[in-house]
Amino acid sequence: MKIVELKIMRGPNYWSIKHPKIIVLKLDLEDLQHVLTSEVASLSQKLQKLFPGIYKHRSSEGTEGGFLRLVDEGTTFSKIVQHIALELQTMAGMDSGYGRRYGTREEGVEYVVFSYQQERAGAYAAEAAVRITQALARGERISIVQDVAKLHQIREDEYFGPSTEAIVQEAVNRNIPYIQNKAGEHIQLGYGVHQKRIQAAMTSRTSCFAVENAGDKNKTKLILEDAGVPVPQGLIVRTTRELEEAIAELGYPIVTKPLDGNQGKGASINVQNWKDALKGMAEAQRHSQAVMVEQFIEGADYRLLVIDGKFTAAAKRTPALVTGDGTSTIRQLINQVNRDPRRGVGHEKALTHIRVDKTTRAILREKGLTLQSVLPAGEVLYLKRTANLSTGGTATDVTDLVHPYNVLMAERIAGIIGLDICGIDVMTTDIAIPLPETRGAVIEVNAAPGLRMHISPTQGLPRNVAEPILNMLFPYNCPSRIPIVAVTGTNGKTTTTRLIAHMLRFKGHKVGYTTTDGIYIQDKKIIKGDTTGAYSSEFVLKDPTVNYAVLECARGGMLRSGLAFTQCDIGIVMNVSEDHLGLGDIHTIEEMAKVKAVIPRTVCSEGYAILNADDDLVYSMAHGLRSKVAFFSLDEANPRITEHIAKGGLAAVFEDGNISIFKNTYKIRVDRVADVPLTFGGKAKFNIYNVLAATLAGYISHMEINEIKTALRTFIPSPETTPGRMNLFKLPKYEVLIDYAHNTASLQAIGDFIRNVEASPKIGIIAGIGDRREEDMKEVGRLAAEIFDEIIIRQDKDLRGRDGKAINERVKEGIFSVKPELEPKEINQETRALAHALEYAPEGAFIALFSEDIPEATKLIENFRIIEHRKSASNIS
């Protein structure tokens, strides 16, 4: 058994719309392809022993234990891989419950699809599941301890953290999209101009000035003292002499902590003697050379949380502890506490396992104890010096007990320091009594305070503190999304994308769009290249200047990693034809249609799927959509259109020489097709489809008819506006057409245009594409022979693993099937092939280059035009 391919889906995809985060594992079963699980003795028992939780897997039977019964009855080993991969993640605190298995056309090769929470963990689980399954099939002894530990580590490395997780989950509940920016370790909430950012409980609204204040403990204390807030007396020390002087002034007990520390790191509390004071100073100086020495305030540790100026929650924090029972050792007591199902590794669960670290060992030494010591019944032993949950502490919600004086004090402190989200640490004997009356004090003010103690307290009422944070960032009726128009199909995607972007810019929107030649932000190319995948879409959605996104979404990106967005407002499918078949295990045009159908299936319920009613496969995508549907067609009598209109639907059609919108029983004429430059006087019928789809997108986007008309008329096809799409050059002796057409459907469409061109001879420069099927290469040759009088065969720079001579032979087979007498020239390099045509073409010819390198071809033609112009001027003189 081996992994042939492993892909990570990060958004809606070919395999699942509902479960966007999945691992797609292509698996060669090799020697296990003909073996059933029932043929391996005691396999289900071994599985249940290794993975106790696997009993809950219902599988296709729909009841607990269903998967194990399936194993006993006999199923494929790919099914074992699927369920082990899910259970490994669940055991590491990443509950993942979705999985499927699919066959392929290759014997013994199957797809295993399963969900993940953290993508690196999902990939590791896939590889571990294959390894474990192989060992089980061979009857080997297995331990999964290291695999679960590794997954725990991955989770801790990549997990949002409880504060971030709570805010993100609240955003998801409110339909606010998010993007994880791993490079900057922050989360973007919302798209484009509406975006806000968080990093744990720090937001894009958090003042740097306030963070600086909170980070300097001494400055914080002086500011609060000046505002009448009770604070402990303290001094800053850097040397043992200064420490000695501070203790002489303050007296024992004291607290030592780093001047700019956080989360209790390096802090020592209730220090009673000089020896411990030296230890406390050394521990603090591991984090900061400057050490704060303060009076120790008697009482319990409380955290008050203020969000957007309002008191929100409070928790009493207790350090990690054990209580003696008279018989158990301290180590046994710790193990008993850690068996609490609410405790886990790191931030995996509501509470964290208590770890025996050097702080714990130091506390035991101070008390003359060891881990083997037995505590008397009822005796409490604190194992940490601070009450942080991350070190095993607990929290009790006391929000409803906080005295109004203390509430006001907390809100004043947040305002004085300037924090939008503020955690205030208070020591007092009773939070229900005003702080001055208990001789308590404010110990610390925290920027980016942890939310875990409020979200999942050990005792008391959980508080949804993420809600007020989202209310602050996105007040009621404040948008978080920008409109998204997603365009897909076999041909016409780029032109339609550019046309829609042009129309929306005309309307005044700040548009970001992606195409096969680059990413554009407000009509400026920012990234060059084929940018039609998820990364490129995300690039636009992350741009803070964009308020409208038009995203070309190609087959490759959707198969490689899915979409970058979970929903769009307008989803357009231009057509589906036999291109790229045989790649990515997409072998039929129906399977290709399923890939393209991802776009309309992600349109939101209030949005529109815009579909080609003249294409059977695209038309059928309308079934089962949650969104509204609009159709376009070149035939106003198309029964699909008339039926749709009769039901009150929306459509755009080519009727009586016009681009018209049909809405209910009304007909709205937009413009004459001949007056729309993109249609080349109506001769480029394939571009009429693009215009119809774009017209619907503009109309749905609330453009006035006159605005749509003007936008269509001002979109002039050229190498600048539509590079590689019907770029027509009129030279003194002949015309030259450059187009990116690279499949039979696009070649056929342009052929219809060329047939209507009055020119002779018609010269075509064509190429076979290395990753296409042999029949596709032959079809390119056959179509070219029907269109052109003379043919030059060139080659792409990247032959995609094929032999160039073999490619040309297949193309020539297609040519000779139509015109056996035709003798095509073979000039492999594209620029040389074009230069040859330009040099030797007679007057009145029409040259069509189906180009791989549009900029180079365009440059060559412009240079040739200049040379011809100079020759002409020289002859005249």
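The values are calculated or read from the model by the stated rules, or taken from the named source; none is laboratory data. Being a predicted model, the structure only gives us computed values, none of them experimental. Please note: Cβ atoms are built from the backbone with ideal geometry, for glycine as well, and neighbour counts cover all protein chains shown. The protein model used for the area step is the full one, side chains on, heavy atoms only, and it has no ligands, DNA or RNA in it. Shrake-Rupley method; radii C 1.70, N 1.55, O 1.52, S 1.80 Å.
What angle do you read, to the nearest 10 degrees and between 0 and 90, between the alpha-carbon axis of helix 217-226 and the longest principal axis of the chain?
That works out to roughly 70 degrees.
Among Glu538, Glu790, what's the order by accessible area (1.4 angstrom probe), most exposed first? Numbers along the way, then the final one.
On the way: Glu538 55, Glu790 80 Å².
If we order Glu538, Glu790 from most to least accessible, we get Glu790, Glu538.
For the charge dipole of the chain, defined by +1 on Lys and Arg C-beta atoms and -1 on Asp and Glu C-beta atoms about the Cα centroid, which residue among His152, Cys568, Phe311 has the Cα displaced farthest towards the positive pole?
Farthest towards the positive end: Phe311.
Count the net charge of all other residues whose Cβ sits under 11 Å from the Cβ of Pro717, scoring Lys and Arg as +1 and Asp and Glu as -1. It would help to have the intermediate numbers written out before the result.
Values: positive: Arg498, Arg725; negative: Glu720, Asp739.
Taking every other residue near Pro717 into account, the sum is 0.
Given contacts defined as C-alpha pairs under 8 Å and at least six residues apart, what's the relative contact order of the chain, whole-number percent?
Numbers: 1844 pairs, mean separation 72.5, N = 877.
Once normalised by length, the contact order is 8 percent.
Please list, by residue number, every one of the trypsin sites (Lys or Arg not before Pro) in region 618-647 that is coil in DSSP and has at most 14 other beta-carbon atoms within 10 Å.
Listed in order of number, the matching sites are Arg626, Lys647.
Roughly how many percent of the accessible protein surface of the chain is carbon and sulfur, given a 1.4 Å probe and a whole-percent answer?
On the way: 18290 of 37730 Å².
That share works out to 48 percent.
Candidates [x] 48.5; [y] 38.5; [z] 43.6; which is the computed mean projected area of the Cα convex hull in nm²?
[x]
R0 = 22 Å: FRET efficiency of Arg241 with Asn270, Cβ-based, nearest 0.05? Could the numbers behind the result be given before it?
Working: r = 23 Å, r/R0 = 1.06.
My answer for the efficiency is 0.40.
Under the 0.36 nm per residue contour assumption, what length would be gained going from the current alpha-carbon distance of Thr104 and Lys18 to full extension?
Working: separation 86, 0.36 × 86 = 30.96 nm, distance 2.24 nm.
Answer, rounded to one decimal: 28.7 nm.
Give the angle, between 0 and 90 degrees and rounded to the nearest 10, that separates the Cα long axis of helix 830-840 from the longest principal axis of the Cα atoms of the chain.
20
Taking 0.36 nm per intervening residue step and subtracting the Cα-Cα distance, what contour gain separates Glu249 from Glu735 on full extension? Could the numbers behind the result be given before it?
Numbers: separation 486, 0.36 × 486 = 174.96 nm, distance 9.48 nm.
That works out to 165.5 nm of additional length.
Along region 516-530, what does the Karplus equation 6.51 cos²θ - 1.76 cosθ + 1.60 (θ = phi - 60°) give for ³J(HN,Hα), rounded to whole Hz, x for Gly and Pro?
3J(HN,Hα) across region 516-530, in whole Hz: 6, 10, x, 9, 10, 10, 6, 6, 10, 6, 9, 10, 9, x, 7.
What trypsin sites (Lys or Arg not before Pro) does region 364-465 have in DSSP loop regions with at most 15 other beta carbons within 10 Å? Mind showing how you got there, number by number?
Values: sites: Arg365, Lys367, Lys384, Arg385, Arg412, Arg439, Arg452, Arg463; in loops: Lys367, Lys384, Arg385, Arg439, Arg463.
Sparse-neighbourhood loop trypsin sites (Lys or Arg not before Pro): Lys367, Arg439.
Given charges of +1 on the Cβ of Lys and Arg and -1 on the Cβ of Asp and Glu, with all other atoms neutral, how large is the dipole of region 498-619 about its Cα centre, in debye to the nearest 20?
That gives a dipole near 680 debye.
Which net charge results when you count Lys and Arg as +1 and Asp and Glu as -1 among the other residues whose beta-carbon is under 14 Å from that of Gln336? Could you put the intermediate results ahead of the total?
Values: positive: Arg331, Arg339, Arg342, Arg343; negative: Asp325, Asp340.
So the surrounding residues net to +2.
Just the accessible area per residue of the chain, please: how many Å² with a 1.4 Å probe? Walk me through the numbers before you get to the answer.
Values: 37730 Å² over 877 residues.
Heavy-atom SASA per residue in the chain reads 43 Å².
Once R0 is set to 25 Å, what does the formula 1/(1 + (r/R0)^6) return for the Cβ-Cβ distance between Lys56 and Ala149, expressed as a FRET efficiency to the nearest 0.05? Can you show the working numbers first?
Details: r = 22 Å, r/R0 = 0.89.
That gives a FRET efficiency of 0.65.
For region 128-262, what mean projected area does the convex hull of the alpha carbons give, in nm²? Don't skip to the answer; put the middle values down first.
Numbers: hull surface 64.4 nm².
Averaged projected area of region 128-262's Cα convex hull equals 16.1 nm².
Report the net charge of residues surrounding Lys316, where surrounding means a beta-carbon distance below 9 angstrom and charges are Lys +1, Arg +1, Asp -1, Glu -1.
On the way: positive: Arg303, Arg317; negative: Asp301, Asp397.
Charge balance in the 9 Å sphere: 0.
With just the Cα atoms defining each centre, how far is region 203-248 from region 511-545? Give it in Å.
Computed from Cα coordinates, the inter-centre distance equals 47 Å.
List, in order, the whole-Hz ³J(HN,Hα) value for each residue of region 792-808 obtained from phi through the Karplus relation with A = 6.51, B = -1.76, C = 1.60 and θ = phi - 60°; use x for Gly and Pro.
Computed from phi, the couplings for region 792-808 are 10, 9, 9, 9, 5, 5, 9, 8, 6, x, 9, 7, x, 5, 5, 4, 4 Hz.
Give me the dipole magnitude in Debye, nearest 20, for region 708-826 about the Cα centre, with unit charges on the beta carbon: positive for Lys and Arg, negative for Asp and Glu.
Details: 20 positive and 21 negative charges, 78 e Å.
My answer is approximately 380 debye.
Measuring from centroid to centroid over Cα atoms, what is the spacing of region 719-744 and region 333-392 in Å?
The distance from the Cα centre of region 719-744 to that of region 333-392 comes to 74 Å.
Which of the GluC sites (Glu not before Pro) across region 1-74 are loop residues per DSSP, with 16 or fewer other Cβ within 10 Å? Kindly include the intermediate steps, with their values, before the conclusion.
Details: sites: Glu5, Glu30, Glu39, Glu61, Glu64, Glu73; in loops: Glu64.
Sites meeting the loop and neighbour criteria: Glu64.
Determine the calculated [θ] at 222 nm for the chain from helices alone, applying -39500 (n - 2.57) to every DSSP H run no shorter than 4 residues and normalising by the residue count; nearest 500 deg cm²/dmol.
On the way: 30 runs with 318 residues, N = 877.
Per the formula, -11000 deg cm²/dmol.
Assuming R0 = 41 Å, can you tell me the calculated FRET efficiency for the pair Asn471 and Asn335, based on Cβ-Cβ distance, to the nearest 0.05?
On the way: r = 43 Å, r/R0 = 1.04.
In this case the efficiency is close to 0.45.
How much length, in nm to one decimal, is gained on full extension between Ile866 and Asp72, taken as 0.36 nm per residue of separation minus their Cα-Cα distance? Please report the intermediate quantities before stating the final value.
On the way: separation 794, 0.36 × 794 = 285.84 nm, distance 7.85 nm.
So the extension gain works out to 278.0 nm.
Helix 119-137 versus the longest principal axis of the chain: what is the Cα-based angle in degrees, 0 to 90, to the nearest 10?
Helix 119-137 and the main axis of the chain meet at about 90 degrees.
Put +1 on the Cβ of each Lys and Arg and -1 on the Cβ of each Asp and Glu in region 364-445; which of Gln372, Gly393, Gly418 then has its Cα farthest toward the positive end of the dipole?
Positive-end residue among those listed: Gln372.
Looking at Ala759, Ala652, Gln134, which one has the Cα that reaches farthest to the positive end of the dipole of the chain (charges on Cβ: Lys, Arg +1; Asp, Glu -1)?
Gln134
Would you work out the charge dipole size for the chain about its Cα centre, treating the Cβ of every Lys and Arg as +1 and the Cβ of every Asp and Glu as -1, and quote it to the nearest 20 debye? Display every interim value, and only then the final one.
Working: 106 positive and 108 negative charges, 255 e Å.
So the magnitude is around 1220 debye.
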